[in-house]
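What follows is a set of notes on a single structure, which appears directly below.
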Ligand SMILES: [Mg+2]
């Protein structure tokens, strides 16, 4: 049997047992956006790691060094955001092929440092090694959060409102522009490319939500809305119903879909790499939460559905028909 047959999540289930020798201090281990554990300090420690591999996650010819550096840190900061944490320190391991120029590497670190500075994150170390062929970057980020404010995937309850902190689907449309070698000849298409190359981790949004009463569960949208809502539902042992008309899609995605005959809803549901946050919040807290979020961030917190007592994810289509939706997001190993 290969990794391809069981997928990333099947693999995690197989190797997850026997990982803890000292379980007492562990608040979250494998299976959430980041690990959370007690130290001697007042706050929980959060640690997350994410690897970007050439030809699996990016095409070097289509990705500038600065963008790649930004993204390799951003995806990790997003996982800290999804736990409600503050990102503190980063470690960067990189495997460099012989044909990579020093200037590309310098650009890569410039992109990473600019994002790190914007979020007051230190880069404290890492490892550099040679690669036989492909460029590989693995970033580990350490963060902190008060235990009472920790956001996890498993706390959603039936009746909770599902919120999303930003538009969905742009990044996948940007990826299609790259793969189909479509020149980004308009501001709208350039915005889609930017969404793919330079996602903004929602750290401030995560901190805001973590401090609010009634927020029960959170995840960042990395695999795709349908998959990531599915992770919350599976870990919380609930179902979810999303309302198609309420799922936020950007003007630029709508432009792109009109021009290329695509469905913005499909991009939003299955796209992935949006790095917005999804949260489930108590219905009685939802009104205040949305109002205060909008006041703080000058854009809406989008209510896109509800948590249900059933199992599985459903979609209320624009005409009102309800259909089950498969978790069709991103799984690197199962992808054909
Ligand atoms: Mg995540």
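Summary of computed values
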item: Output for the range 92-146, where each listed residue is out of contact with any strand residue (DSSP E or B) (no Cβ under 8 Å at 6 or more places or on another chain), part of a loop (DSSP other than H, G, I, E, B) and surrounded by 14 or more Cβ atoms within 10 Å (Cβ to Cβ); result: 100
item: Exclusive hit being within 16 Å of the ligand (Cβ to nearest atom) and touching a strand residue (DSSP E or B) at 6+ places or on another chain (Cβ under 7 Å), set 47, 27, 53; result: 47
item: Only listed residue being away from the ligand (no atom under 15 Å from the Cβ) and under 30 Å from residue 262 (Cβ atoms), chosen from 173, 81, 95, 132; result: 173
item: Condition check for residue 244: within 20 Å of residue 182 (Cα to Cα), away from the ligand (no atom under 16 Å from the Cβ) and at pLDDT 95 or above; result: no
item: Answer residue from the range 7-57, given it is part of a helix (DSSP H, G or I) and free of Cβ contacts under 8 Å to residues at least 24 places away in the same chain and is surrounded by the fewest Cβ atoms within 10 Å (Cβ to Cβ) among those; result: 24
item: Subset tally (residues that are modelled with pLDDT of 95 or more and more than 17 Å from residue 246 (Cα to Cα)) for the range 309-336; result: 1
item: Filtered residues of the range 30-42 (kept if touching a helix residue (DSSP H, G or I) at 6+ places or on another chain (Cβ under 8 Å) and more than 16 Å from the ligand (Cβ to nearest atom)); result: 37, 38, 39
item: Residue among 194, 184 that alone is free of Cβ contacts under 8 Å to residues at least 60 places away in the same chain, within 21 Å of residue 63 (Cβ to Cβ) and in a helix (DSSP H, G or I); result: 194
item: Options 240, 156, 218, 173; residue that is crowded, with 23+ Cβ neighbours inside 10 Å, outside the structural domain of residue 297 (by TED's automatic domain parsing) and in contact with a helix residue (DSSP H, G or I) (Cβ under 9 Å, 6 or more places away or on another chain); result: 156
item: Helices (runs of 4 or more DSSP H) contained entirely in the range 235-324, each with at least 3 residues that are over 28 Å from residue 31 (Cα atoms); result: 251-260, 283-297
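The values are calculated or read from the model by the stated rules, or taken from the named source; none is laboratory data. What you are looking at is a predicted structure, and each value in this text was computed from that prediction instead of being measured. We place every Cβ from the backbone using ideal geometry, glycine too, and count neighbours over all the protein chains shown.
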